[in-house]
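Everything below concerns the one structure shown next.
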Amino acid sequence: MTVAIKVRSAIERSSWIRRMFEEGAALIAEYGAENVYDFTLGNPSVEPPAAFHRELRRIVEQPDIGMHRYMNNAGYEETRAAVAKRIAGDSGSPVDASHIIMTCGAGGALNVTLKTILNPGEEVILLTPFFVEYKFYVDNHGGVSTEVWTDRETFQPDIDAIEVAITDNTRALIINSPNNPTGAVYSAETLEALGAMLERKQAELGQNIFVISDEPYARLAFDGNSVPPVFKYIRNSILVTSHSKDLALPGERIGYLAANPAMDEVSLFMAGAVFCNRVLGFVNAPALMQRLVAVLQEESVDIDEYQEKRDVLYSHLTGLGFTMAKPGGGFYFFPKSPIADDVEFVRQAQKYNILLVPGSGFGAPGYFRIAYCVDMDIIKRSLPAWEKLAKEMGL
């Protein structure tokens, strides 16, 4: 057998997103890019802020000696300090460079964190619907995923359901706000209630339960709102994120993890995470990108541009009869499928060259995901196709 049995099984179960993206490439080859409306992949069409290009040009034209050599496995001190300053300002927590590890994207940060905290067979709670890779990341490090549904209308965490799911084998909970795939932003009240419940359960069970907050969309909040800082509400919390979305740098794989200074044995956790960053083979985050993002912590892509796309598509689709929660951030919709079989619905949408991802790919049959991080021109050109699809579905 060429590959391991587990890997063969994983290949068969994943990934709906990539699969639909690849089918889209075939449609584009047949009909032309201008006639295909690809909403499958969370790959931002916007360019990085102008400050990114200015700083990149400066670094390339005025290189420091040794700038491409190894550094501390946690990353450059000045970069970690800049990240810590931003988090401390947002959360009011005394975060400093010692609480930060620069990583190869949020995926790298998640894997480092899970390897650091998980013993074989321990449980990690995932809130459904969830980013599909979470299950594979948990499995990477010998953990077991436990799925708990959010509220099916608002997609806010169901605190009571989470409490029921916690056992003496629960090690962590992964949250994601703004959420992929729903766009839900978890409220301060929700995080406060979650933190209080976890404190009670930790005391009852005599064990730590970590909250891993995956936040690559945290700066993409709409309607003048901001994403509540997890450190303010949950003591044993670890923030993992990347600059893939806020600086539009998904291909550069630059992110970080940050530990709440109030976390139990935070110094021991950080030592373990630095070790895991090394032995997982990441070694350190890309040196050039670390130098760049150190001076870009206050920069972001244009949030208003994403909000405009949300508003145009939300207004049109709900007007056609599609049912969905209005996203508070990020760049995804997660409507209910007009028919029970979400996979079949996605197949029907392909007849009109609309490319979507079924909710089954996120643990949530009966829904589908739209990634609206595409050019506005694509959104507007897709509207007649949506009308035809809605008519066929009887909406």
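A dipole drawn for the chain from +1 and -1 charges on Cβ atoms has a positive end, and of N208, I87, Y70 the residue lying farthest that way is Y70. Largest GNM mean-square fluctuation among A385, A349, A50, using the chain with Cα springs under 10 Å: A50.
Of the DSSP beta bridges with both residues in the stretch 209-277, give the percent that are antiparallel, rounding to the nearest 5. Walk me through the numbers before you get to the answer.
Values: 5 of 9 bridges.
Expressed as a percentage, antiparallel bridges in the stretch 209-277 total about 55.
In a DSSP loop and with at most 12 other Cβ atoms within 10 Å, the GluC sites (Glu not before Pro) in the stretch 77-161 are E153. In a GNM of the chain with a 10 Å cut-off on Cα contacts, which of E308, E192, E30 has the highest mean-square fluctuation? Largest GNM mean-square fluctuation: E30.
Once every DSSP H run of n ≥ 4 in the chain is given -39500 (n - 2.57) and the sum is divided by its residues, what mean residue ellipticity at 222 nm do you get, rounded to the nearest 500 deg cm²/dmol? Present the calculation step by step, with values, prior to reporting the outcome.
On the way: 13 runs with 163 residues, N = 395.
Using -39500 (n - 2.57) per qualifying helix, the result is -13000 deg cm²/dmol.
Can you list, largest first and rounded to whole Å, the semi-axes you get for the chain by taking the square root of 5 times each eigenvalue of its Cα gyration tensor?
Details: eigenvalues 223, 139, 84 Å².
They are 33, 26, 20 Å, listed from largest to smallest.
GNM on the chain, alpha-carbon springs under 10 angstrom: the most fluctuating residue among S382, S267, S213 is S267. Over the stretch 182-229, the alpha carbon radius of gyration divided by the compact-protein estimate 2.2 N^0.38 Å works out to 1.39. Largest first, the three principal axis extents of the alpha carbons in the stretch 197-307 are 47, 38, 19 Å in whole numbers. Relative to the Cα centre, the charge distribution of the stretch 101-185, modelled as +1 at Lys and Arg Cβ and -1 at Asp and Glu Cβ, gives a dipole magnitude of about 380 debye.
Two-decimal Rg/Rh of the stretch 1-152 from alpha-carbon positions, Kirkwood Rh?
On the way: Rg = 20.8 Å, Rh = 20.0 Å.
For the stretch 1-152, the value is 1.04.
The charge dipole of the chain, taken about its Cα centre with unit charges on the Cβ atoms of Lys, Arg (+1), Asp and Glu (-1) only, comes to about 700 debye. Placing +1 on the Cβ of every Lys and Arg and -1 on the Cβ of every Asp and Glu, with no other charges, gives the stretch 312-395 a dipole of roughly 100 debye about its Cα centre. A straight Cα-to-Cα reach below 29 Å connects K135 with the lysines K6, K115, K201, K232, K245, K326, K336, residues fewer than 8 places away in its own chain not being considered. Measuring between their Cα centroids, the stretch 240-287 and the stretch 299-352 lie 31 Å from each other.
Every number in this text was worked out from the coordinates using simple rules, so none of it is lab data. This one's a predicted model, so the numbers in the text were calculated from it and none came from an experiment. With ideal geometry, Cβ positions are generated from the backbone for all residues, glycine too; neighbour counts draw on all protein chains shown.
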